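> Right, I'll just put the structure down here and ask away after.
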């Protein structure tokens, strides 16, 4: 199964019915935490985010552990740092911040990499960062030498004059 197939499987498993929120709203984005679901693992993500109509959306391409010269970083710590820094810079370029991120998807080659990936995620997006999240172990990424790839979706309500 390739990365695209894995993504389709993940999307097919997502609930398609809106659920009443147990958490508050912030800027037109409501965190969904139904009592009928298990609590998020280590409280590191949200089960869902409901975005109000009229929001501005940011969808990123997958960011990998490539440095500015297009070379893979040395090891998972450097690659995870580069991927998260790139995402953070895209979010900031769009005039958004961590609170606007509603979904993050992480593709990794080895589950042993997750602590380094989470550390890099926390470094750029904060310890209380809890978007809807999916982490998927894959057998390969688009280029040899890459260990992690991360993409995100962000949304915010337009600023009213």
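> Give the number of residues within region 122-149 that are part of a strand (DSSP E or B), within 14 Å of the chain's Cα centre (by Cα) and more than 13 Å from residue 101 (Cα to Cα). Outline the logic, then answer.
From region 122-149, those part of a strand (DSSP E or B) are 132-137, 148-149; that's our starting set.
The next check asks that each one be within 14 Å of the chain's Cα centre (by Cα); those that pass are 132-136, 148-149.
Of the ones still in play, those that are also more than 13 Å from residue 101 (Cα to Cα) are 134-136, 148-149.
Within region 122-149, residues that are part of a strand (DSSP E or B), within 14 Å of the chain's Cα centre (by Cα) and more than 13 Å from residue 101 (Cα to Cα) number 5.
> Select from region 95-121 the residues that are within 22 Å of residue 158 (Cα to Cα) and surrounded by 15 or more Cβ atoms within 10 Å (Cβ to Cβ) and write down the one among them that is farthest from the chain's Cα centre (by Cα). Working first, answer last.
Step one: list which residues in region 95-121 are within 22 Å of residue 158 (Cα to Cα), which gives 95-104.
Still in the running and surrounded by 15 or more Cβ atoms within 10 Å (Cβ to Cβ): 96, 98-104.
Values: 96: 14, 98: 10, 99: 12, 100: 11, 101: 7, 102: 8, 103: 5, 104: 1 Å.
The qualifying residue farthest from the chain's Cα centre (by Cα) is 96.
> OK, next. Restricted to region 58-94, and to residues that are free of Cβ contacts under 8 Å to residues at least 60 places away in the same chain and outside any helix (DSSP H, G or I), which residue is farthest from the chain's Cα centre (by Cα)?
So the residue we want is 69.
> With the structure loaded, tell me whether residue 45 is within 27 Å of residue 157 (Cβ to Cβ) and at pLDDT 95 or above or whether it fails that test.
Values: within 27 Å of residue 157 (Cβ to Cβ): yes; at pLDDT 95 or above: no.
Considered against the rule, which asks whether it is within 27 Å of residue 157 (Cβ to Cβ) and at pLDDT 95 or above, residue 45 comes out as no.
> Can you name the residue in region 59-82 that is out of contact with any helix residue (DSSP H, G or I) (no Cβ under 7 Å at 6 or more places or on another chain) and closer than 20 Å to residue 133 by Cα and is also surrounded by the most Cβ atoms within 10 Å (Cβ to Cβ) among such residues?
Filtering region 59-82 for residues out of contact with any helix residue (DSSP H, G or I) (no Cβ under 7 Å at 6 or more places or on another chain) gives 59, 61-62, 68-71, 74-75, 78-79, 82.
Next, from what is left, pick out any that are closer than 20 Å to residue 133 by Cα: 59, 61-62, 79, 82.
On the way: 59: 10, 61: 10, 62: 19, 79: 26, 82: 20.
Only one residue fits best here, namely 79.
The values are calculated or read from the model by the stated rules, or taken from the named source; none is laboratory data. Note that the structure is a prediction, hence the values are computed from the model and not measured. Every residue, glycine among them, receives a Cβ derived from its backbone with ideal geometry; neighbour counts consider all protein chains shown.
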